[in-house]
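The values are calculated or read from the model by the stated rules, or taken from the named source; none is laboratory data. In this text the structure is predicted, and so the values were computed from the model without any measurement. No Cβ is skipped: glycine too gets one built from the backbone with ideal geometry, and neighbour counts run over all protein chains shown. Surface accessibility is based on the protein's heavy atoms, side chains included, excluding ligands, DNA and RNA. Shrake-Rupley method; radii C 1.70, N 1.55, O 1.52, S 1.80 Å.
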Amino acid sequence: MASATAPPPKPATRPANPSSAPSLWTIPAPLQKLFNHFPLVTLKSNPLPARSQILTSASDTLPTLYIFSSSADALQGKPSINPTCLKWQTLLRLHHIPFLTSPSSNHASPTGSLPFLLPPRTTTSPHPIPSSSFPAYISRSTNNPHPPPPTPREEAYLSLLTPLRLAYLHTLYLTPPYSPLLKKFYISSSTTSFLLGTILQSQLSTAASAAVLQDLNLHPQSGPGAIDLDNLYAEAAEALQSLATLLQESPTGWFFGRERPGEFDAGLYGYVGLIMEYMDTPEAKLGGLVRQAGGEGVLVRWWGRIRREAWGEFEQREK
Amino acid sequence: MGASLGSGSSSAASNANTATANQHPAYSANSNMLDGHLLTPASIDTIELHGANNVRRSLLDGIFKSLVEGPENATSTLGEALERVGAATRKLSRFDIFKEDGFGAFISEADRPDATPDRTWLNIALSVKEKSRLVLTAGTDVGNAEGSAYTNGVFRNIFGGAETLSINASAGTRTRSAYSVNLSTPVNGNPDVRLALDALRSTTQKPWASHEEHLTGGSLKLSWLSDSKATHTVMCNGVWRQLTALAPNASPTVRADAGDSLKCSIGHSYTLDRRDNPMLPQSGYLFKSISELAGWGPLNGDVAFAKTELESAGAVPIPFPGLQGKKSGISIGAGVRVGMLYPLAKGYNLAAPAYPSRINDRFQLGGPSDVRGFKVGGLGPHDGADTVGGDVFAAGSINLLLPIPRLGAESPLRIQLFANGGRLAALQDKSVNGENGQVLATEPKKVFDGVKSAIGELGNGLPSVAGGVGLVYAHPVARFELNFSLPLVLRRGEEGRKGLQVGVGVSLL
């Protein structure tokens, strides 16, 4: 440290132990008395810079959800382009919890991944709330009891999201025709430089490839060529089929017969919402798989319902 | 590189006698004997250089050839001829590839068949000792509020043309890791003009703003020494900056700026140092300016601004009655620094909207080697505990240096009384306009008004000021200070430092 001064001890602690031996870090009383007179003048604080005011000071009362998004979309609170961010953003909206959104990157996150919530400024800098604490945050904010932990049956169905995730990762990150979309999603928001963009995009693809290989128990060095694509997409199709069947069994139209769409619905919507929005073209496999699942467009109808529930205002604006 | 440009002794003809004795022992020893003959006509017949075994012939020709073949050689006097040899030798020493105490000269009369009695022809034999071509060092450093360990390799005169390749790796408490490679070469055989290519990768902790910054980049620099002994550098820079590893309680401002950005800039710096001793100035003045233009026109990148910083400092000795012309060692010094960052539109269209500055481009002010009596970055806008910087600043300091009674004026120790202060303000804009997807875009008119009002803010109320007393030790490479300071005027959120503060630096305010 540049400065070797001890911080002035809190006044309350000083009389409490007057007999204790003065340590190196306690300031002698006369010096403390002198210090208390300084500074002689305290003026009002300096206002924050423009960029900070625009990006972080739009509201004194609302928390901010940091998500992958473009700055224009985030300003309007539009859906994120990242499955996990979209999941939590959708769930918060389903619970009618008000929040702002801010475009961000993993570097901003306390856990290294998005999303996270940042409560409004108080006298000190707020501590971020990681997504793992969102269910507790939602139950606090809505005065509802904490949702019960997932049952073993729910856990089993939760694992069906993995093949869907791998197929999604492969499509977006490792399929060349989707490279412009990947760039639009994750690169354009942070840099306009071609060189830096290319470096960041190759880092993203490498990380996605490593994640897919790891989940398939393949050697990380074997490269994306080692992935059995037919099998990858077949498993995704099978998972979507099972999810559609599960949904058909539900009397309420939401997963596990819930009255209101819950975390599981939001989690699946994170993928299905993005697939239907960006990958529902004739040549895209994933859009077709979602449409075919259940044979009767079960998932598409469910997707439409969530969209109305959570994103109704944007749907109407688009019309 | 600044040092190698600045340390060469004067080459102006009228300053021949200022050449330091240890640099040219043979020449100065001879000069006493030769004093009476300086006006006799003499020309140089040959020059031999011994000991420059690894230096390219063309580099030496560039320096010595004109001495023998130049038109003035035919008409010169002995004094002029010796001065020309002296100037060439000093030029040679500025390449920094020969040992300073290794220069020697031997002069003899040439045996020339066409010699006429009215002109003496000289054979000049110079000897030099080359500095070691490869220097590997490793060590630890404590300075500028951090401790570090480093390894450094310098390949001097690597291609025989006084090129220097320097490779450096270090790990420290604040600069967690840094790797740099620097290749520099004199241009056109002139030691006063150097071209340097740098590559850098570093990780630096910035606890005053709760983050780490990773830099990866390169630069091309051309430096030269002007006739007035001022150093100019023009540079072209490209840096990938990554703000990452945020502290749990990092402020929203820092969180909003986390991530990647590319800065491409061109810049110019100018230093005119006329102080008697940069570490402990007793007289003279310094003028320094740094200008940078980023993101404009073909530069591209993610940030665009014009940034300029001016610094001026000076000192005057105070005579003490009764010392009869001897230096008293008492001096008063003062320094002023101002800076401004002006956001610009990216590309060529200056009328297009500009983007307000980010934390890693804004100025910081305060710290033991800056505005004393404040924590590092202690002045200016703060978000919670984080110093977030500002777009315009002005700072000034005045200090009285007193010698320590029994050590006297020649000792590098001084007692210092100082008062310093400053203002750091940011461009304001509260409006959020989401049109055309450009959330942060600010119209040029608003940028101008914002900068204008930020400059106005510098004069709004008293500056933030601290004063104190301390001990200064001027080591040849850095200045150490131990100060007791108290903040006098503060703004809410600014972080003053009450009590002792240690400052280490090469350019203190």
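The table below gives the values:
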item	result
Considering residues of region B:369-382 that are in a loop (DSSP other than H, G, I, E, B) and open to solvent by less than 10 Å² (accessible area, probe 1.4 Å) only, the residue farthest from the other protein chains (Cβ to nearest Cβ)	B:Val371
Residue list for region B:242-251, restricted to those being surrounded by 20 or more Cβ atoms within 10 Å (Cβ to Cβ) and not in a loop (DSSP other than H, G, I, E, B)	B:Gln242, B:Leu243
Flag for A:Ala58 being within 11 Å of another protein chain (Cβ to nearest Cβ) and either part of a strand (DSSP E or B) or within 15 Å of the chain's Cα centre (by Cα) (or both)	no
Any hit, region B:293-300, residues being closer than 30 Å to A:Pro126 by Cβ, within 14 Å of another protein chain (Cβ to nearest Cβ) and not in a strand (DSSP E or B)	no
So B:Ala394, is it more than 24 Å from B:Cys264 (Cβ to Cβ), touching a Lys or Arg at 6+ places or on another chain (Cβ under 7 Å) and either in contact (Cβ under 8 Å) with a residue 12 or more places away in the chain or within 11 Å of chain A (Cβ to nearest Cβ) (or both)	yes
Counted residues, region A:257-288 - those being in a helix (DSSP H, G or I) and at pLDDT 85 or above	16
Answer from B:Val135, B:Val142 - the residue that is at pLDDT below 90, within 27 Å of B:Arg56 (Cα to Cα) and not in a loop (DSSP other than H, G, I, E, B)	B:Val135
Every residue from region B:470-493 that is more than 16 Å from B:Phe418 (Cα to Cα), in a strand (DSSP E or B) and facing another protein chain (nearest Cβ under 10 Å)	B:Leu490, B:Arg491
Given (1) open to solvent by 10 Å² or more (accessible area, probe 1.4 Å); (2) not in a strand (DSSP E or B), number of the condition B:Ile415 does not satisfy	(2)
Residue that is nearest to A:Ser102 (Cα to Cα), among those in region B:266-283 that are open to solvent by less than 30 Å² (accessible area, probe 1.4 Å) and among the small types (Gly, Ala, Ser)	B:Gly267
All positions within region B:390-399 that are under 12 Å from B:Gly333 (Cβ atoms) and open to solvent by less than 50 Å² (accessible area, probe 1.4 Å)	B:Gly396, B:Ser397, B:Asn399
Considering residues of region B:255-265 that are in contact (Cβ under 8 Å) with a residue 12 or more places away in the chain and facing another protein chain (nearest Cβ under 7 Å) only, the residue surrounded by the most Cβ atoms within 10 Å (Cβ to Cβ)	B:Leu262
Residue identified as farther than 24 Å from A:Phe185 by Cα, among the acidic types (Asp, Glu) and within 22 Å of the chain's Cα centre (by Cα) among A:Glu277, A:Glu313, A:Glu259, A:Glu309	A:Glu309
Residue pairs meeting the criteria (Cβ under 6 Å; at least 6 apart or on separate chains; first assigned to a loop (DSSP other than H, G, I, E, B), in region A:85-111; second aromatic (Phe, Trp, Tyr))	A:Ser104/A:Tyr66; A:Ser109/A:Phe116
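Yes or no, residue by residue, for (1) part of a strand (DSSP E or B); (2) crowded, with 16+ Cβ neighbours inside 10 Å; (3) in contact (Cβ under 8 Å) with a residue 24 or more places away in the chain:
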position: B:Val234; (1), (2), (3): yes, no, yes
position: B:Gly238; (1), (2), (3): yes, yes, yes
position: B:Thr253; (1), (2), (3): no, yes, yes
position: B:Ala313; (1), (2), (3): yes, yes, yes
